[in-house]
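Participant: First, the structure itself, so that you have it in front of you.
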Amino acid sequence: MLDVRPSPIAGQWYPGNPKPLTKTVDDYLAAAPAPDVAGEVIGVVAPHAGHRYSGAVAACAFKAAQPLKVDTIVVTCPSHFHDTGPLLTTGHEAYTTPLGEVPVDGEALTQLLKTCPVPIVSIRHDREHAIEIELPFLQRLFADFKLIPLMIRDQTLSVVSALAKALVETLRERHVLYVASSDLSHFYPQAEAKKFDAYLLSKIEAFDPAGVLQAEKEGQGFACGRGAIATTLLVARQLGATKARVLKHATSGDVSGDYNQVVGYGAAVIWKE
């Protein structure tokens, strides 16, 4: 029996029963175009709102990774609720969704905790949605994989650079997909949101992790998971990737019809030629 993290969002942020969850995720994936990626996908950027709002965008990112054979999936995200340590991970042995349990790669995670010079604090019964919300897509695409969940509180370049280096060193012998879970601008009118999001997404396409982090300081673009995006770009660069492409952008207003205060969502793929 695995020590399983209980879900705080199933039935609220996405369907709580297997059949409707399978149908909605599969419908999003079927509607997403298969991107023309001439090389090996290393990572993707996907939003983490409720599936109703961001599922169509997230599916575009995950569709890009569908051809991969993976052993381990690293999902990085911001920490929305917790205030302990610069980096966080789960203290449980598995996550659960209505589609089943997702085991944590305990061996790799233990090694990562030893390798990373920045402390990674293990927490239990966390409230973080930004990892779990991606799991049903991954469960529908990949039959067997283990998870490394990482929540980034300190989103500075020095911390994410250290984390990226440690991930590469730890997982060099595994087949890995890196998922950066992040929404974009929050609660601006639609026109402003599109401007801010376009700037942030341009930094991803420019393969500029420092630019992703700097965008918020400059007031030109926003991403709650900017540290996750930067980490994924830095890992991909160390693994030989040079290409990144934005696949889709939308906002909550495109679903709700309320364009006064929207949240931006973007999907991107990062690959090695």
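Participant: Mind listing just one residue for me: the one in the stretch 148-201 that is of a type in the set (Val, Ile, Thr), surrounded by 16 or more Cβ atoms within 10 Å (Cβ to Cβ) and more than 30 Å from residue 256 (Cβ to Cβ) and, of those, farthest from the chain's Cα centre (by Cα)? Step through it out loud before you land on a result.
Facilitator: Step one: filter the stretch 148-201 for residues of a type in the set (Val, Ile, Thr), giving 148, 152, 156, 159-160, 168, 170, 176, 179.
Going one step further and asking which of them are surrounded by 16 or more Cβ atoms within 10 Å (Cβ to Cβ), we end up with 148, 152, 159-160, 168, 170, 176, 179.
Applying the additional criterion that residues be more than 30 Å from residue 256 (Cβ to Cβ) yields 148, 159-160, 168, 170, 176.
Numbers: 148: 11, 159: 18, 160: 14, 168: 17, 170: 19, 176: 14 Å.
Checking each candidate, the answer is 170.
Participant: Turning to a different aspect of this structure: Any residue that is over 20 Å from residue 147 (Cα atoms), hydrophobic (A, V, I, L, M, F, W, C), exposed (fewer than 14 other Cβ atoms within 10 Å of the Cβ) and out of contact with any Ser or Thr (no Cβ under 7 Å at 6 or more places or on another chain) - is there at least one of those in the stretch 36-50?
Facilitator: Looking for residues that are over 20 Å from residue 147 (Cα atoms), hydrophobic (A, V, I, L, M, F, W, C), exposed (fewer than 14 other Cβ atoms within 10 Å of the Cβ) and out of contact with any Ser or Thr (no Cβ under 7 Å at 6 or more places or on another chain), one finds at least one in the stretch 36-50, hence yes.
Participant: Inspect all residues belonging to the stretch 241-251 and state whether any of them is free of Cβ contacts under 8 Å to residues at least 40 places away in the same chain, surrounded by fewer than 24 Cβ atoms within 10 Å (Cβ to Cβ) and of a type in the set (D, E, K, R).
Facilitator: Looking only at the stretch 241-251, we keep the residues that are free of Cβ contacts under 8 Å to residues at least 40 places away in the same chain, and these are 242.
Keeping just the survivors that are surrounded by fewer than 24 Cβ atoms within 10 Å (Cβ to Cβ) gives 242.
Retained after the next criterion (residues that are of a type in the set (D, E, K, R)): none.
No, the stretch 241-251 contains no residue that is free of Cβ contacts under 8 Å to residues at least 40 places away in the same chain, surrounded by fewer than 24 Cβ atoms within 10 Å (Cβ to Cβ) and of a type in the set (D, E, K, R).
Table: residues versus (1) surrounded by fewer than 21 Cβ atoms within 10 Å (Cβ to Cβ); (2) touching an Asp or Glu at 6+ places or on another chain (Cβ under 9 Å); (3) under 19 Å from residue 55 (Cα atoms).
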{"position": "227", "(1), (2), (3)": "no, yes, no"}
{"position": "257", "(1), (2), (3)": "yes, no, yes"}
{"position": "260", "(1), (2), (3)": "yes, no, no"}
{"position": "266", "(1), (2), (3)": "no, yes, yes"}
{"position": "271", "(1), (2), (3)": "no, yes, no"}
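Participant: Test residue 91 against the criterion of being closer than 30 Å to residue 253 by Cβ and either without any contact (Cβ under 8 Å) to a residue 12 or more places away in the chain or surrounded by fewer than 22 Cβ atoms within 10 Å (Cβ to Cβ) (or both), and give yes or no.
Facilitator: So residue 91 fails the test.
Participant: Another question about this same structure. Among (1) within 22 Å of residue 53 (Cα to Cα); (2) in a helix (DSSP H, G or I); (3) of a type in the set (D, E, K, R), where does residue 183 come up short?
Facilitator: Result: residue 183 fails condition (2) only.
Participant: Where the second residue is assigned to a loop (DSSP other than H, G, I, E, B) and buried (at least 19 other Cβ atoms within 10 Å of the Cβ) and the first is of a type in the set (A, V, I, L, M) and lies in the stretch 5-16, which pairs have Cβ atoms under 9 Å and are six or more apart or on separate chains?
Facilitator: 9/133
Participant: Restricting to the stretch 171-191, what's the tally of residues that are out of contact with any strand residue (DSSP E or B) (no Cβ under 9 Å at 6 or more places or on another chain) and either over 30 Å from residue 111 (Cβ atoms) or among the polar types (S, T, N, Q) (or both)?
Facilitator: Number satisfying all stated conditions: 1.
Participant: Of the residues that sit in the stretch 113-140 and are in contact with a Ser or Thr (Cβ under 7 Å, 6 or more places away or on another chain) and aliphatic (A, V, I, L, M), which one is nearest to residue 90 (Cα to Cα)?
Facilitator: 123
Values quoted throughout were computed directly from the atomic coordinates according to the rules given, and no laboratory measurement underlies them. Everything numeric here is computed off the predicted structure, so don't read it as measured data. All Cβ positions, glycine included, derive from the backbone under ideal geometry; neighbour counts span all protein chains shown.
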